[in-house]
Amino acid sequence: MMRFARGGFGMLAAAALALLCALQALAVLRMPPAFFPSQVTVTLAPGRSIELGRAELAAPQADPRHLRLRRDSAGRWFIASANGVQGLRVEHGTGEGVRTRSGSLALQAGQRFRLGAAQYTVESASDKLLRFGDGSHTWEYDGALLRRDGSAQGACPQSSPGQRLAGFWNRIMPAPLGLQRPLSFGGNLSCATTIGNPDAAAGSAGIAFADGLPTLFAASGVGRVPLLADIDGVPADLALRELPLAGVSALGVGRTRLLAAIEGDTLQLQPVSRVVLFADTRAELPDGVSWQWQARHPWHVPDGAPWAGAIALICGLLASLLAWRSAWRKQPALALRCGAGVALAISGFALLLAVRNGQAPGIAPTLLLAWAALWYGLHPRRPNAVLATGVLLLAGGLLLQLELGTAAADTSWMRHFQKTAAATTLGLGLVGLAGLLKTRRPASQAQVEWALLALACCAVAALLVQVGWGSETGVFDLQPVEFAKLALTVLTAHCIALGLGAGDARTASRKGTLLRWLRLASPALLFIVLLAVALVQVDDYSPLILLLVWGAAMLLAWSLAARQRLATAALCLLAVGVVGAIGLLRAADPGQIAHWNFYGERFLVWLDPAAHPHTGQQLLLGARAILEGGWMGADGVFGLAALGASAPDALAIPAVQDDFAPSFFLNRHGLGAALALWALQALFLCALLQAAVRAWLGAAGARDFRHAWQGRFRCFVLCGGAAFVFGHFLLSWGTNLSFFPIMGQPMSFLSAGGSHLLFFIFPLLGFGATSAYSIKEN
């Protein structure tokens, strides 16, 4: 009966995956024809100039008059912002090269600049300190801290807790360890790293250290106050400053990147990201501008793409594995599965590099690679509940990202699908290889502790790198916070497993050899660092709520395992109290909350988004999209008729590929399909908890202390992973449905893939897969 149930579950999961793959194929087949300019040619005679914008460059986020190209009498090319409303970026060198922003100027001693009626003179400038004054005060700025007349300025009244924490850190720490904070000009108050200027709005100009030099930046936007800087002894509007085009390899216009090459009287621009799609090959262009058209082809294969070389490597690897005469010769299925896992991992990594370099293949090859990874991960003959439900959720996320890509009017949206497919291929290949580790001898407790120590050090170092050189979106296109969540989960599981086994005589006798600080200090340190990063780097409090949800869930798991009934009851009452508090907040008066200093604006937007049309745009557009979806989707047939069709209204929701992906799902497929998704998400959480209970029962029945510790460790790792995933589900659905005053958390599996998939979800799936085998062995 058990064997029949497992076989039935595997067949049901395979049928569901086949259905999702069929929907993905249908979305690709129903894509309408689309064309985009593969090359923009600008012809300009010496002594002439031309202005280009959104229509001429096919750049969807550019201004109608974005940049001005000019050639002097000697034939040299120059580029500048056309009106200063939006800036532009220029790159020198190969790859992404050295970036220079228009409207910027490296400051030197004696340099003068004026904003409104205030004139500032630079007294000294180096790679460590900038000193300047306006005749009344003297300021010193080192990239992290601003001092006026020798004294550090206090925090601004409207500063968030994270900004206050960063300011306090910069005041007590040496300059090399300070958190980089740009200096800004404008407003009526001088505080923190802001210099007040009543003639200009806040943020009208700024100074930051770029490439080791203090650099002055002019603000862009409508209604800006001109920033006049002495250039060659003549005051000029810095936002309109011309830059030489010689040696420039690429331009950044809005979010469109164009490779640049000068050939005599012509400038060749090749758009490589975020290009407008057209239904036909017709466009009205001014004299001197021409386009070379290219059709969007599902089977497009770029020349010289890095992933193409990986295919040959994969074939050679598979051939060598099949011909390998070793102990695996008696297990050809195992050898083939191992070779397939390695091949998928290499292909996924190569595809990630191709997407990063703008050389990703078309939709069809990418989708075929993702299908291979999904079916490899499912393994219907030996179904694992955690892995099977995770694969189905991954397939659903790929379908949603594919729909976003086919529904968009520019090429950038398909990049989210390609990145998610690449991460899925890489991750499932590694998960499959992790499942084969059951054949190796388990590591000792001391080896695991040293590995956890290294994991904690790497996580803390990555978080410090993000704080020092990154932003809210991460550093180097990665999110170290996701890796830190994984490290926090396994470290905490190790400490709880040791604590619950403290009565074991064998463990008590090893007190001198265990890394005692690892039991207590490292999880607490990592938790504190995560809280600090959330406060400093993130402009909302959703990461704090996510960590609190995780902490409460881990406390509940510990109290149940330790049979602490009073603690269990207290946590349950706390959860009920939180739900009641949210209900009371929903009925609160916005006038009372307006005086809150702790993210009060977030609560005001949640209570009355119509009164905040700019900051409440996500909630308003998301609610409209959900209302249009109804029970059966906007098309009335659960999104089947809309596969491959455009959806301009839903795509207008900010961050719809990440935080507000559920809103697009509800709009396209309706509440009926959302119920099925909720059931699958609940099944995934139940599978994690079931594996945790089995690990706990295995530990309770183990006769060896090492097996007992391993069982407890697996149990609490799975509980911690389930807690974080539950937190992402809860906060994401609550944000999209306006249940919670929380913003900024993507939904696991459904949102655009990246660091969350690679650094948290796939390690969790791998751990769930290996735990199933290890439980049987113990």
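G499 meets the stated requirement of being open to solvent by less than 60 Å² (accessible area, probe 1.4 Å), more than 30 Å from A752 (Cβ to Cβ) and at pLDDT 70 or above. For P64, indicate whether it is in a loop (DSSP other than H, G, I, E, B), touching a residue at least 12 places away in the same chain (Cβ under 8 Å) and open to solvent by 10 Å² or more (accessible area, probe 1.4 Å). No; evaluated as a whole, the condition is false for this residue. Among the residues of region 224-237, those identified as in contact (Cβ under 8 Å) with a residue 40 or more places away in the chain and either within 14 Å of Q111 (Cα to Cα) or surrounded by fewer than 16 Cβ atoms within 10 Å (Cβ to Cβ) (or both) are L227, L228, A229, D230, I231, P235. Residues that are within 20 Å of S249 (Cβ to Cβ) and not hydrophobic (A, V, I, L, M, F, W, C) do not occur anywhere in region 46-64.
If I filter region 44-55 for residues that are in a helix (DSSP H, G or I) and either touching a Lys or Arg at 6+ places or on another chain (Cβ under 8 Å) or more than 25 Å from S184 (Cα to Cα) (or both), do I get at least one hit? Yes, region 44-55 contains a residue that is in a helix (DSSP H, G or I) and either touching a Lys or Arg at 6+ places or on another chain (Cβ under 8 Å) or more than 25 Å from S184 (Cα to Cα) (or both). Checking each residue in region 355-414 for being among the charged types (D, E, K, R), closer than 19 Å to P298 by Cβ and open to solvent by 10 Å² or more (accessible area, probe 1.4 Å) picks out only D410. Is it the case that some residue within region 273-288 is crowded, with 20+ Cβ neighbours inside 10 Å and under 20 Å from V98 (Cβ atoms)? Scanning region 273-288, I find no residue that is crowded, with 20+ Cβ neighbours inside 10 Å and under 20 Å from V98 (Cβ atoms), so the answer is no. Residues that are modelled with pLDDT of 85 or more, farther than 21 Å from Q111 by Cβ and among the aliphatic types (A, V, I, L, M) occur at least once in region 238-246. Among the conditions (1) closer than 18 Å to L731 by Cβ; (2) of a type in the set (A, V, I, L, M); (3) surrounded by 14 or more Cβ atoms within 10 Å (Cβ to Cβ); (4) modelled with pLDDT of 70 or more, A567 misses just one, which is (1). When residues in region 228-268 are screened for being among the charged types (D, E, K, R), in a loop (DSSP other than H, G, I, E, B) and out of contact with any Phe, Trp or Tyr (no Cβ under 7 Å at 6 or more places or on another chain), 4 of them pass. Among the strands (runs of 3 or more DSSP E) confined to region 109-165, there are none with at least 3 residues that are among the acidic types (D, E). Scanning region 68-110 for residues that are hydrophobic (A, V, I, L, M, F, W, C) and touching a helix residue (DSSP H, G or I) at 6+ places or on another chain (Cβ under 8 Å) turns up A80, L105. Taking the stated definitions as given, is I742 over 21 Å from A385 (Cβ atoms), at pLDDT below 90, of a type in the set (V, I, T) and touching a Leu at 6+ places or on another chain (Cβ under 9 Å)? The answer is yes for I742. Checking each residue in region 139-159 for being in contact (Cβ under 8 Å) with a residue 12 or more places away in the chain and either among the basic types (K, R) or surrounded by 15 or more Cβ atoms within 10 Å (Cβ to Cβ) (or both) picks out W139, Y141, D142, G143, A144, L145, L146, R148, Q153, A155, C156, S159. Scanning region 180-220 for residues that are part of a loop (DSSP other than H, G, I, E, B), out of contact with any Gly (no Cβ under 7 Å at 6 or more places or on another chain) and modelled with pLDDT under 85 gives R181, D211, G212. Within the option set R89, R171, being open to solvent by 20 Å² or more (accessible area, probe 1.4 Å), in contact (Cβ under 8 Å) with a residue 40 or more places away in the chain, not aliphatic (A, V, I, L, M) and not in a loop (DSSP other than H, G, I, E, B) holds for one residue only, R89.
Conditions tested, residue by residue: (1) in contact (Cβ under 8 Å) with a residue 24 or more places away in the chain; (2) assigned to a helix (DSSP H, G or I); (3) acidic (D, E).
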position	(1), (2), (3)
A650	yes, yes, no
P654	yes, no, no
N667	yes, yes, no
A673	yes, yes, no
A679	no, yes, no
L685	yes, yes, no
A691	yes, yes, no
L730	yes, yes, no
M747	yes, no, no
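For region 349-390, filtering for residues that are touching a Cys at 6+ places or on another chain (Cβ under 9 Å) and among the aromatic types (F, W, Y) leaves 2. A single entry from A462, A456, A493 fulfils the requirement of being open to solvent by less than 50 Å² (accessible area, probe 1.4 Å), closer than 29 Å to A752 by Cα, part of a helix (DSSP H, G or I) and modelled with pLDDT of 80 or more: A493. Residue-level check: of (1) at pLDDT 90 or above; (2) within 29 Å of R668 (Cβ to Cβ); (3) of a type in the set (S, T, N, Q), T41 misses just (2).
What about R602, is it assigned to a helix (DSSP H, G or I), modelled with pLDDT under 65, among the basic types (K, R) and under 18 Å from T735 (Cα atoms)? So R602 passes the test. Take A687 and decide whether it is open to solvent by 10 Å² or more (accessible area, probe 1.4 Å) and on the phi < 0 side of the Ramachandran plot. The answer is no for A687. The requirement of being in a helix (DSSP H, G or I) and within 19 Å of the chain's Cα centre (by Cα) is not satisfied by L392. Of all the numbered requirements in (1) among the small types (G, A, S); (2) farther than 30 Å from G396 by Cα; (3) out of contact with any Phe, Trp or Tyr (no Cβ under 9 Å at 6 or more places or on another chain), S38 misses one, and that requirement is (3). Checked against the criterion of being of a type in the set (G, A, S) and under 17 Å from the mean Cα position of the chain (by Cα), the candidates G754, G698, G711 yield just one match: G754. Take the conditions (1) over 19 Å from A202 (Cα atoms); (2) open to solvent by 40 Å² or more (accessible area, probe 1.4 Å); Q119 misses just one of them, which is (1).
The values are calculated or read from the model by the stated rules, or taken from the named source; none is laboratory data. A quick note: this is a predicted structure, and the numbers were derived from the prediction, not measured. For neighbour counting, all protein chains shown are included, and Cβ atoms are generated from backbone atoms with ideal geometry for every residue, glycine included. Protein only, heavy atoms only, side chains kept; ligands, DNA and RNA dropped before computing areas. Shrake-Rupley method; radii C 1.70, N 1.55, O 1.52, S 1.80 Å.
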